[in-house]
Amino acid sequence: MDNRTMFNTFFVLFLTFCHFDNLSFAQSPELAKTHFEAAKSYYNQGKYEKALDEFQEAYRLQPCAEISYNIAQCYERLSILDKAIEYYKKYLDEKPDAKDAQAVKEKIESIFQRLEQTGIILTISENGARIFIDGQEVGLSPIEGMIKVTPGNHELKVEKEGFEKFTMKFSVAAGLQQSAEISLTPEKKVEAEKPKKNIAETEGEVKIEKTEEKTSKNRGMAGFYAGYGVGGALLIGGAITGALSLVNVEKANDNLNDTDTNNSYRDKAKKLALATDILLPAGAVAVIVTTIVLVIKKPWVKEKGEKEKKKTQGVLIYPVVLLDSNSMRIGFYF
């Protein structure tokens, strides 16, 4: 006997055995019949959810074992097997002497077997991942074999520290198994953003950099200032000794009659003249060499990536003047 034939049989049984003796509904017996007939029509059209609603309303108005059976049929069609088992058992409780009791028991056993075979098989790329089905944790990966679920729609979540959460919705029909291969993706590391500097800090850094740059330039020019200073001092010294030499020559000329005095002034004039001959060229050389080095090194221009040279380069000049038994050494460095 197929389901539709059995359904029509239970419709006749409903009209035969479901006597409307419930006093609270005795004045509206036709209302329960109306809902039952609507449920039958929906059921034959395959609209099981609407049929279920009408059967439940008919049962509320007139409780009857045959309606419980039809409710169980709707749940089974909708693959809500746990509820189907509940109403098949309710039918047997309400009608323990039913002629089809054995057939209903076999149907319940068959549904139990289908439930045992309903589930999902998971293959997860990472071991130790937590597995959740409908919000309930069912174990850690890897799980051997099938995870049992009820027929219908479910939500799967897989979580593991260091990996992005995986979420998937799936549906399983009664007695069938779903398979899913899940590859967890490592979480992307987000680098913390560097705190932005305010305008005051930025301006302060710019001022410090400019001050350091200016100090560095001043240090680079110090040697050249010294070179020009030494050169200038030598030139001035040469001019002074030259002038003194001329003065002594004039004094020597004024004392031509006094041989000793004349010779004394002339010796002084010669020494001063020789010193002048040394100081003036040395000063000129110092200025010229300083200028050449300044043009070559260009300390006011700092190339990018160029490190400051710690070792100072320069020119050292030692003119030596020997006057009789005395010696004079003049040195300058820049």
> Of all residues in segment 157-176 being surrounded by fewer than 16 Cβ atoms within 10 Å (Cβ to Cβ) and within 20 Å of the chain's Cα centre (by Cα), which is nearest to I121 (Cα to Cα)?
Replying inline: E159
> Within the set of pairs 6 or more residues apart or between chains, which connect a residue that is more than 13 Å from A233 (Cα to Cα) inside segment 271-298 to a residue that is of a type in the set (S, T, Y) with Cβ atoms less than 7 Å apart?
Replying inline: L272/T241; L272/S245; A273/S245; A275/T241; T290/Y228
> What number of residues in segment 40-56 are more than 20 Å from Y88 (Cβ to Cβ) and of a type outside the set (S, T, Y)?
Replying inline: 5
> With respect to the numbered conditions (1) closer than 24 Å to V149 by Cβ; (2) surrounded by fewer than 17 Cβ atoms within 10 Å (Cβ to Cβ), which one is the sole condition not fulfilled by S79?
Replying inline: (2)
> Of the conditions (1) surrounded by 16 or more Cβ atoms within 10 Å (Cβ to Cβ); (2) farther than 28 Å from K47 by Cβ; (3) free of Cβ contacts under 8 Å to residues at least 24 places away in the same chain, G139 fails just one. Which one is it?
Replying inline: (1)
>> Within segment 116-125, does at least one residue satisfy the condition of being under 47 Å from the mean Cα position of the chain (by Cα), surrounded by fewer than 19 Cβ atoms within 10 Å (Cβ to Cβ) and over 24 Å from G152 (Cα atoms)?
In response: yes
> Would a scan of segment 92-112 turn up a residue that is more than 29 Å from the chain's Cα centre (by Cα), assigned to a strand (DSSP E or B) and either in the same structural domain as L78 (by TED's automatic domain parsing) or of a type in the set (V, I, T) (or both)?
Replying inline: no
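The values are calculated or read from the model by the stated rules, or taken from the named source; none is laboratory data. Since we're looking at a predicted model, the values are computed, not measured. FYI the Cβ positions are ideal-geometry reconstructions off the backbone, even for glycines, and counts take in every protein chain you see.
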